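Asker: Handing you this structure, nothing more for now.
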Amino acid sequence: MFGFLNRKRKSLIGLDIGSNVVKCLRLDVSGERPILTHFGMADLPPEAIVDGEIMDRELVIEAIKEAADKAEIPNEPVASAVAGRAVIVKKIVMDKMSEEDAREAIYWEAEQHVPFDIDDITLDFQILQPDIGADQMELLLVAAKKDMILGHAELIRDAGFNPLVIDVASFANQNAWEYLAAHGKGKAVPAEETDEAPVDREEDPDPFSGGEDEAPEAPGPSGEFVALLDVGGGVTNVHIIKDGVPYFTRDLPLGTAHFIEEFQKQLGLTYETAQRVARGDVEEVDVQLVSDIVRSVGMEIYQGLEPSLSYLKTSGEATGIDRIVLSGGGSHLPGLLGFLAEQYGVPSEVSDPLAALDYKPELFAEGEAAELSPLLTVCVGLALREGV
Ligand SMILES: Nc1ncnc2c1ncn2[C@@H]1O[C@H](COP(=O)(O)OP(=O)(O)OP(=O)(O)O)[C@@H](O)[C@H]1O
Ligand SMILES: [Mg+2]
């Protein structure tokens, strides 16, 4: 959502440090269609990242190095993301003023909206509606704890990389979705010409810089409320957008780990078998029982989403969501997509970012690309941050 960088690059590495799986990939964006040139991932033990917080730096650094080694990725600048409670995204209303003035005033405004000391946070914003009447405008405020951003950048440096962009995971997910929606699945679309002069920038990560540079290409206004649901290992990030504007970002403390735990408990499965079930392999189990468990944990996701949706409805902003896009490892949970589609009565799909890219088949084992594609959504959204 924020165009963090001004200069067009020919390639960028996306590094998604998930709580279960670290993914890294490199996209060559010099041609008409992005090319995935390198890809690697590595598992993280559950104790390394808990509730979005890094508990064991060494384990995380090791996993980044392992993923990078597998990818044989060159040492080029990296776009990565933070998530969790240290990031706050909120719509606010303030007096009408120029963007430049707002950049100063936002610090005063933020004090009322952010439960952290203002000296400890980095802020960015986007003007959503420049005039909502009564001399007021509406902004999207994004605040992140400075020490978290710096710590994340330091971690990447310690793993041997140069962190160029520190984004917010849910915005990277949105970026991937918008790219896919704009470019269609598997269709080659000419890259748009730009006559924008290159602008020098510092090589230090400046996560919330600018805002004046171009927004990512969004599809034409569809007026659809799209719920991007990233069901990761430990959390489900709900990011509701309409025409390129985020309305809600929320983390629900439910991920594949919770489904796996229930499979183990209720079906008496080993962890390994329960993992396989979570990935869609139901050969060894009673499909009906699995489906019942998925529905009951899925119901918790549905109910967790309710407050956000009620707010959208009562504020008159939406009558409901119009589409569900599932990403992350939880996309493979048997019956989850169908359950959500049924609950909301809307079209639902699994995110498939690889469909918009070219890549050598050797990068993936047989059948692996389709299996991994939804897990790579955030990572692709990161690597697409610039140049396309
Ligand atoms: N092909 C796969 N490879 C690895 N994990 C998979 C696969 N398919 C499903 N999974 C499940 O998805 C989980 C990882 O999902 P994902 O990569 O979205 O999580 P994460 O990004 O690490 O977590 P979070 O976003 O919560 O920090 C694994 O723990 C596993 O249960
Ligand atoms: Mg994730």
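Asker: List the residues, sorted by chain then number, that are 5 or more residues from SER348 or on another chain and whose placed amide H is less than 5 Å from its amide H.
Answerer: Close amide H contacts, sequence-distant or interchain: ILE324.
Asker: Something else now. Just list whichever of LYS146/LYS360; LYS65/LYS91; LYS96/LYS313; LYS265/LYS313; LYS23/LYS242; LYS242/LYS265 have alpha carbons separated by over 30 Å in the model shown. Don't skip to the end; give the middle numbers.
Answerer: Values: LYS146/LYS360 39 Å; LYS65/LYS91 37 Å; LYS96/LYS313 26 Å; LYS265/LYS313 37 Å; LYS23/LYS242 28 Å; LYS242/LYS265 39 Å.
Checking Cα-Cα distances, LYS146/LYS360; LYS65/LYS91; LYS265/LYS313; LYS242/LYS265 exceed 30 Å.
Asker: Which value results when the Cα radius of gyration for region 251-349 is divided by 2.2 N^0.38 Å? Display every interim value, and only then the final one.
Answerer: Working: Rg = 14.6 Å, N = 99, 2.2 N^0.38 = 12.6 Å.
Rg over 2.2 N^0.38 Å, computed on Cα atoms: 1.16.
Asker: For GLU154, GLU262, GLU272, which order do you get if you count the other beta carbons within 10 Å of each Cβ and list the fewest first?
Answerer: Fewest-to-most Cβ neighbours within 10 Å comes out as GLU272, GLU154, GLU262.
Asker: Tell me, what HN-Hα J-couplings in whole Hz come from the Karplus equation 6.51 cos²θ - 1.76 cosθ + 1.60 at θ = phi - 60° for each residue of region 56-63, using x for Gly and Pro?
Answerer: My calculation for region 56-63 gives 9, 4, 4, 4, 5, 4, 4, 5 Hz in order.
Asker: Neighbour counts of other C-beta atoms within 10 Å: give me TYR271, TYR179, TYR344 arranged from fewest to most. All intermediate terms of the calculation are to be shown ahead of the outcome.
Answerer: Values: TYR271 11, TYR179 21, TYR344 18.
Final ranking by Cβ density, sparse to dense: TYR271, TYR344, TYR179.
Asker: Still on this structure, please answer the following. Please list the non-local residues whose amide H lies under 5 Å from the amide H of SER11, H modeled 1.01 Å from N, same-chain partners needing a gap of 5 or more.
Answerer: Long-range HN contacts for SER11: VAL29.
Asker: Another one. Sorted from largest down, give the three principal axis spans of the alpha carbons of the chain, whole angstrom values.
Answerer: 62, 49, 42
Asker: With θ set to phi - 60° and the Karplus curve 6.51 cos²θ - 1.76 cosθ + 1.60, what are the ³J(HN,Hα) couplings of region 65-77 in order, to the nearest whole Hz, using x for Gly and Pro?
Answerer: Working through the residues one at a time gives 5, 5, 4, 5, 4, 4, 6, 6, 7, x, 7, 10, x Hz.
Asker: Taking the chain as a Gaussian network, where each spring joins two C-alpha atoms under 10 Å apart, which residue of LYS65, LYS23, LYS265 fluctuates the most?
Answerer: LYS265
Read-outs: derived from the displayed coordinates by stated rules, not from any lab. Here the structure is a predicted model, which is why all the values come from computation and not from measurement. Neighbour counts are summed over all protein chains in view; Cβ atoms, including those assigned to glycine, are modelled from backbone coordinates with ideal geometry.
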